[in-house]
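Coordinate-derived values only; no laboratory data. What you see is a predicted model, and the numbers here were worked out from it, not measured in a lab. Note that we place each Cβ from the backbone using ideal geometry, even for glycine, and neighbour counts take in every protein chain shown.
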Amino acid sequence: MKCKDFLNELNDFLDGSLDPKLKAELEDHLVWCHHCYVVCDTTKKTIQIYRENDVYELPDPIRERLQTAIMQKCKAKQKSE
Amino acid sequence: METIENKVTGDTGEELALVLSARGGDINAFERLLKKYDRNVFRIAQHITQNREDAEDVVQDAFLKAYEKLDQFQGNSKFYTWLVRIAVNEALMKLRKRKSDKTVSMDDEVETEDGTLTREFADWDPNPEQRYQQSELGDILGKTIQGLPAGFRTVFVLRDVEGLSTEETAETLGLSVPAVKSRLLRARLQLRERLSKFFKKAKGGDRPK
């Protein structure tokens, strides 16, 4: 397996959706190819960091204001029907 | 190397019951759906529009549209996926308006890659994000993802942050499964490449400048 082939399968490898034979080949490649090991490990960390740290949190006061506005409009629509 | 667990997005049976009640006129049921998903819709909208005011508008418009069109919800996809599809469309419309550019689409800038997907091979610390204060980290992550083309960051956010499946992401964005996979790979690798600057192991143990 070449590094390019490894990269093509990286998504499915990280998502755990590969068939066992191909997965074993990729794991074998990682044993001796440090570049691919680093790419794989740091891509996984990239995903985890974005998943665990909420970049755009909706602050409670704004959230409440939006909820109130939305529900008022929904109620108005319900009455007009 | 272990794989990444997906976020689970709700109990579909309970959710369908809420949708049916809301459709039947129970406004409290709709309010529960709103409170369950408003944070997610805001996050997706802010990622796409990169504008706070627009993202707040998208939350309002998307939920109102969902409320109006509840009778059109078929139940063959999850309510959440259906809602996200509405929100993504609203957000893309805002983005086009803001950029006064009618050409913003999921196909943006996909062909501008020079073919080199990886250049950075430095290892990171086991928990590299702990080097930074929470606000500083938020800034780094926000600015880094802002630099991706809209089509890439939307796929990344839906698939990796919100935990939609590849098929759901494809359905939501009107893309083929291979197109989602290709954009996702490029988005993941570009983010990794850009974050390396902040997270790679420093020589001599110092924090990198």
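Descriptive notes on the structure:
- C-alpha long axis of helix A:60-80 to longest principal axis of chain A, angle in °: 60 degrees
- Residue ranges B:183-196, B:122-135 sort as B:183-196, B:122-135 when ordered by packing (mean number of other C-beta atoms within 10 Å per residue, highest first).
- Using alpha-carbon coordinates, inclination of helix A:34-52 to the longest axis of chain A, degrees: 10 degrees
- Counts of other chain beta carbons within 10 angstrom of each beta carbon in peptide A:52-62 average 6.
- Loop-located trypsin sites (Lys or Arg not before Pro) across segment A:1-50 with a Cβ neighbour count of 13 or fewer within 10 Å are A:K2, with loop assigned by DSSP.
- For a 4.7 Å threshold on C-beta separation, the list of partnerless cysteines in chain A reads A:C3, A:C40, A:C74.
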